[in-house]
1. Which net charge results for the neighbourhood of Ser193, defined as the other residues with beta-carbon distances under 13 angstrom from its beta-carbon, given Lys and Arg at +1 and Asp and Glu at -1?
2. What nm value, rounded to one decimal, do you get for the distance between Tyr44 and Cys250 when each label is placed 7 Å out toward the C-beta?
3. log₁₀ I(q)/I(0) of region 122-192 at q = 0.13, 0.18, 0.26, 0.27 Å⁻¹, via Debye over equal Cα point scatterers, no solvent, to two decimals?
4. Determine the per residue accessible area of the chain with all protein chains present and a 1.4 angstrom probe, expressed in square angstrom.
5. Summing +1 for each Lys or Arg and -1 for each Asp or Glu, what net charge is found among the other residues whose Cβ lies under 13 Å from the Cβ of Glu101?
6. In nanometres, what is the gap between the two model label sites at Val202 and Glu24, each 7 Å from Cα along Cα-to-Cβ?
7. What is the magnitude of the charge dipole of the chain about its Cα centre, with +1 placed on the Cβ of each Lys and Arg, -1 on the Cβ of each Asp and Glu, and no other charges, expressed in debye to the nearest 20?
8. Between Ser130 and Glu276, 0.36 nm times their residue separation minus their Cα-Cα distance comes to what?
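The values are calculated or read from the model by the stated rules, or taken from the named source; none is laboratory data. Just so we're clear, the structure is a prediction, and the values are computed from it rather than from any experiment. No Cβ is skipped: glycine too gets one built from the backbone with ideal geometry, and neighbour counts run over all protein chains shown. Ligands, DNA and RNA are excluded from the accessible area calculation, which covers all protein heavy atoms including side chains. Shrake-Rupley method; radii C 1.70, N 1.55, O 1.52, S 1.80 Å.
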Amino acid sequence: MSGGKTGVYLCRCGGNISDAVDVEAIAEKVLGMDGVAIANVQDYLCSSAGQGKIKSDIDAGMIDRVVIGSCSPKLHLETFRAMAKMAGINPMLLEITNIREQCSWVHEDQQEATRKAKGLITGAVFRMNSLESLEPIIKDLEDRVLVVGGGISGITAALEMANEHEVILVENKAYIGGHMISLSKTFPTFDCSQCTLTPKMVEVFNHPNITLYTQTEVASVDGNVGDFKVTLRRMPRYVDVDACTSCGRCAQECPKDAITLPFVQAIPQAYIIDMEKMHKMRSLRKGVRRWRGQTR
């Protein structure tokens, strides 16, 4: 047990709760529980007077954690936690137990509704006695977004975020465009896919807030929401993308099909060397030279 002093506050909710649940009986029951210093009933806990009662008890040092029996926490949890923080206690040491939607609104039998509400409140008190304060963790985060996949979806996502965030776009192929770039026409307008997609590809490549990595895969992802560490595995292209002008002279000098441009409108607009084909062609040439030398 934490040794804290818990205040239990029950709301009549203008009859929405008290017409079906005997909140006074619950207050009397929980007041004898270990750790409970106050058990109080209010007509409307969410009102200024209701919140003021809780705040004044906290200010007086009578309680240092709070259990509220009222309506859904979706409505007022943040309001009550803000009040608790202003009063000087950790807002995580306040919780709302829903005895309106879960009890009074769904049970016609007052005795059974009260029994269920009593069980929910006593459970909340036991839980509160074992809670420890949580403090927010403050980290310096970089405003950076990773988009995996350079198809039409990834390209669109990267462009929509790039004006406000730094974007890293990762594609495992040697170019972006995905399956769409290989289609002749697209539904429903039947426009040329390259006519539609190529301008977006060029915009991605030239955007100052987008860093493009092709032939790259996600190797691992560590961390948690807002603080991820991603390791990328990048396969070599063997051609400097920034220096390549797509003049085609390298293709004239290298073995056939060993160095190619994926397609005319490819982004990045740079050649790529297929080292496997390059080694095979070199081995073949060496074999031809040896054979010619033997025949002489």
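1. Details: positive: Lys185, Lys200; negative: Asp191.
Once positives and negatives cancel, what remains is +1.
2. 7.4 nm
3. -0.60, -0.82, -1.12, -1.14
4. Accessible surface, normalised per residue, equals 60 Å².
5. Values: positive: Lys74, Arg100, Lys116; negative: none.
So the surrounding residues net to +3.
6. In this crude spin-label approximation the distance works out to 8.1 nm.
7. For the chain, the charge dipole is close to 2520 debye.
8. 46.2 nm
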